[in-house]
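First the structure, in the form of C-alpha cells, and then the observations on it.
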Amino acid sequence: MDKSTDVSELSILLVFARYTHEKTIQEGLLIYESLKKHTIGEEIFEVLNKYLVKKNIMAKMCGRMHGWCCCNGWEDKRSTKKLSPNLKSALDVAVQCVNFIKSRPLKTRLFKKLCEEMGSDHQNLLLHTEIRWLSRGKVLTRLFELRDKVKIFLKEHTKTNLFEWFHDENWLIKLAYLSDIFNKLNETNLGLQGKETSIFRANDKIKALIGKLDFWVECSSVTPINAEEIKDHLINLKSGLIFYIPRINEDSDNLWVKNPFLIQKKPKELTSIQYESLLEVKSSSELKIKFKSLKIEEF
C-alpha cells in the first residue's frame, strides 16, 4: 500500500496485490482510489475495507490501525512528526531555502549558472514537497552538498536572512544529520518493497535497521553539538519501528516456511497430516536440490 498524488495534486491510495499464478508469484494493481478526506490510517483502512467487502475478499491485518501503510506510514509519522522542535525548525529552514530557489524558473536558471561558474558537480536542487516524503533525504543531501553555492545565491537574491543559517555550525550539523537519517530510512524502505520481498526478508531488514539505530545512538554521544537531540530522535525512531511494524520471533514455528529442511519438530500450527507431508518434503533429495536452485517464493 502507498499514497501518491495525481497531476491535479489529489491524494491517491494505491494497493498492490500479490497472488500465485502458474506456480509463480505475480503482483498487480488492485486498487486506485481517491482519498477524499485525509491521508491518515483510518481513511486508508476505510477505503480498503470497503473494497474488500464489496469484492468478498477475506483479509487479515498484521499491523496496527495507524500503521496500515506500515513502512511509509511509519517513516512519515516517526521520522518527521516526532522531530524535536529544534530539528523540525532546521528541516523547515532547509525546505524554505530549497523552495525559494525552485519556486520560479528564473531563480532556478540563475542558480544553475552560479553552480556552473563555481565548477560544482551538481547544478540543481531537488524540489521538496510534503507529500513526497521519499524525496526528503535526496533534497537535504543535495542542499548540504551545495551549501556554499546556496549561501551565495540567497545572499544576492533575497532580502531575507536565510543565507545566515549557512554560517551557523549548529544548524549545519542538524542539516547533515537529517540528510543522513532520511537517506538511511529511504534505503530500508526501498528494501521492504519489490516483487521478491517476503515477510522473512522484511523482518531481516527491520532487524538490521534496529541494530543500526542502536549503533547510531552510541555514535551520537561523541557529537559535540546537538548530541542529546540526535540521540532522542534515534531512540524515538526505534520505539516507533517496534510499535508500528510487527516482527517475527526468531524461535517462531513459522521458520519452516523459510527452510523446510531445517525442521526438527512439529510446528504448532500444522496438523499431524500436514507435518507428515512436510517430513516427506524434508526427506526428498530431489526437492533439496531444487531448493538450492530456486528462489524461496518459487520453491
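The values are calculated or read from the model by the stated rules, or taken from the named source; none is laboratory data. In this text the structure is predicted, and so the values were computed from the model without any measurement. Neighbour counts are summed over all protein chains in view; Cβ atoms, including those assigned to glycine, are modelled from backbone coordinates with ideal geometry. These area figures cover heavy atoms from the full protein model, side chains too; ligands, DNA and RNA do not enter into them. Shrake-Rupley method; radii C 1.70, N 1.55, O 1.52, S 1.80 Å.
Structure values in brief
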quantity	calculated
Criterion violated by GLY194 - all others in (1) within 19 Å of LEU178 (Cβ to Cβ); (2) open to solvent by 30 Å² or more (accessible area, probe 1.4 Å) satisfied	(1)
Residues of the range 276-287 satisfying the condition of being under 16 Å from GLN264 (Cα atoms) and open to solvent by 70 Å² or more (accessible area, probe 1.4 Å)	GLU276, GLU280, SER283
Residue in the range 213-236 that is closer than 30 Å to PRO85 by Cβ, open to solvent by less than 30 Å² (accessible area, probe 1.4 Å), in contact with a Gly (Cβ under 9 Å, 6 or more places away or on another chain) and not aromatic (Phe, Trp, Tyr) present	no
Looking only at the range 14-59, and only at residues there that are acidic (Asp, Glu) and farther than 30 Å from LYS295 by Cα, the one that is most open to solvent (accessible area, probe 1.4 Å)	GLU46
So LEU213, is it within 17 Å of the chain's Cα centre (by Cα) and at pLDDT 90 or above	yes
